[in-house]
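The values are calculated or read from the model by the stated rules, or taken from the named source; none is laboratory data. Fair warning: this is a prediction, and the values are worked out from it, not measured in the lab. Here the Cβ is made from the backbone with ideal geometry for all residues, glycine too, and neighbour counts use every protein chain on show.
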Amino acid sequence: MSDNVVKQRHRFSISMKLALVTSVMVIALVLVAVVGFSGLHAINVANDNTMKANALKEPIQRIWHAEVYVRMMGDWVALELEDKAKDGDKAKVEAHDDIIQKNIDRIQSSAMINQLPSFPNLVKSYEAWKNLRTQHLVPMAYAVKDGPNYAKDFWTYGLETFKNGPRDNMTLIAAFEGNLTKVGTELDNYISKCKAEAERAQIGMIVGVGVMALLGVVIAVVLSVVMSKRIVGPIRQVSRGLENMASGDLTVHMDVKSNDETGDMARSMNKANESLRELIAGTSEVSAKVKQASRNVNATLEGVSQSATQANELIDQVDQSSAQVSSNVSTVAAGAEEMGASIREISSNATEAARVAQNATEVAAHTNEVVAKLGESSQEIGEVVKTITKIAEQTNLLALNATIEAARAGDAGKGFAVVAGEVKDLAAETGTATEEISQRIEQIQHDTSGAVEAIAEISQIVSQISDFQTTIASAVEEQTATTNEMSRSTQDAATVVGEINTMISSVAQGGGEIAQAVLELQAATREMEELSQGLDEHLSGFRV
């Protein structure tokens, strides 16, 4: 099982801590409420029973009053002389008996009847007294009439009412009043009991609520202090760690072991701090490498700048040499024209050789001079061709050097590399053309030597001119074709040289652009080095 799973299983977050404190307070409040409600319920029950019991005092008092009235009015029935008056007093007695019965029924229907154990005896004693009055005393009262026996009958009635035998009036009245007194006493005792229960419930409620509230407050305070230490302590450590990090001290480690959000935050901050240290260390290392690379690039650019300057100087020299080559090629072309004219003149003279045979010696001498000049011109052309060949080789070498420098210059030298390649190709074409010209010149020199020998023979044997007329005409025709070819070659060489001049101008322009790009790149590398220096100064403010 992984540590993360264990941590998650035993995690005690801040919300859980706060929930624990809140739960304890809520439980304490609930217990206080339960105790309070229980006490209030007991008080309410006791007060309700007291109120119900007090409500029974009224019917008991009414019974007392009605009982006294019945006793008094019963005697008035006997005192009345007329039956009508007796009936009126009897009706009053019966009305108060109804009052007694209604109040007995009222007490009987009350919920407090179980708290009055003497009440059934009260009912029995009342019924016995009522039956005695109804069945025995009332008829005796009606028997007392106005006449000679009035006093005797009234005395007999009076004696009957004051008898106290087991079933006599006074005994039954005493039993009824005794039971009524017991019921009143029992009711008072029950009321006192209910009041005592209400007082006990009130005291118990006050004590219970106070104890529960005090216990809840103590537990809540203790838990609050403990939980606040577990919450505030790590938060203070994290706060101090953040202050140290804000001041640039990245070596601080927040040793918070709480398994809650604060601990998670501290561990995350430690990871972030470690990552930041690695980042700053890596940034410092990269900055140092960038600074060193900037210096190396700057040094390389200085070499490239020097090479570009040298290349521009060489290009200027090549430009001058190219101009000289162009001039020499023009001279060769002019010589070729002159040689062509001379050959055409030889051809004309050869055609009329038969007619001017007598002037053969002079013509041969003149021809010998012309051929000698042709040999000299051929040698000069050979020298020019050698010069062109050397220039082509030098141009090829310069193009190769330019290609190398362009490769060292990177992206900035790509255009220069293309131009250098084209110059190299043109130099190769020039070398090929000059090689062909050299071959042609060698052929001309060879033909010139033959012409010199022929003219020498003409000088010696003029007589054989006619025999060799055809040979001379053929040789002159071939020489004319050769001269024309040489003229075309020199014109092609002049064209190539012109193209070389154009390419050299493009190379010179590209060299200037490379030099400008090198200057801009040097400025950029210096700025990069300054930025690296500034970055090092900022990073030096952190302790890793």
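I want to confirm something. Restricting to region 155-197 and keeping residues that are of a type in the set (D, E, K, R) and not in a helix (DSSP H, G or I), which single residue is farthest from Val45 (Cα to Cα)?
Lys163
Being modelled with pLDDT of 75 or more and either under 25 Å from the mean Cα position of the chain (by Cα) or more than 19 Å from Phe12 (Cα to Cα) (or both) is the filter here, so list the residues in region 246-259 that pass it.
Ala246, Ser247, Gly248, Asp249, Thr251, His253, Asn259
Could you look through region 255-294, keep only residues that are under 24 Å from Gly541 (Cβ atoms) and among the basic types (Lys, Arg), and pick out the one that is surrounded by the most Cβ atoms within 10 Å (Cβ to Cβ)?
Lys291
Criterion first (in contact with a Phe, Trp or Tyr (Cβ under 8 Å, 6 or more places away or on another chain), of a type in the set (Gly, Ala, Ser), part of a helix (DSSP H, G or I) and in contact (Cβ under 8 Å) with a residue 40 or more places away in the chain) does Ala201 satisfy it?
So Ala201 does not fit the description; no.
Is it the case that region 88-99 has a residue that's at pLDDT 95 or above, among the aliphatic types (A, V, I, L, M), assigned to a helix (DSSP H, G or I) and within 21 Å of Lys182 (Cβ to Cβ)?
Yes, region 88-99 has at least one match.
Can you tell me which residue among Lys145, Lys152 is out of contact with any Gly (no Cβ under 9 Å at 6 or more places or on another chain), farther than 15 Å from Ile63 by Cα and not in a helix (DSSP H, G or I)?
Lys145
So how many residues does region 255-280 have that are farther than 24 Å from Leu20 by Cβ and touching a Lys or Arg at 6+ places or on another chain (Cβ under 8 Å)?
Of the residues in region 255-280, 0 are farther than 24 Å from Leu20 by Cβ and touching a Lys or Arg at 6+ places or on another chain (Cβ under 8 Å).
Among what's in region 100-143 and is small (Gly, Ala, Ser) and surrounded by 14 or more Cβ atoms within 10 Å (Cβ to Cβ), pick the residue that is modelled with the lowest pLDDT.
Filtering region 100-143 for residues that are small (Gly, Ala, Ser) and surrounded by 14 or more Cβ atoms within 10 Å (Cβ to Cβ), the one modelled with the lowest pLDDT comes out as Ala141.
Please name all residue pairs, on different chains or six or more residues apart, with Cβ atoms under 7 Å, provided the first residue is in region 48-71 and is assigned by TED's automatic domain parsing to the domain that holds Cys194 and the second residue is outside any helix (DSSP H, G or I).
Here the result reads Lys52/Ser110; Leu56/Ser110, each pair linking region 48-71 to a residue that is outside any helix (DSSP H, G or I).
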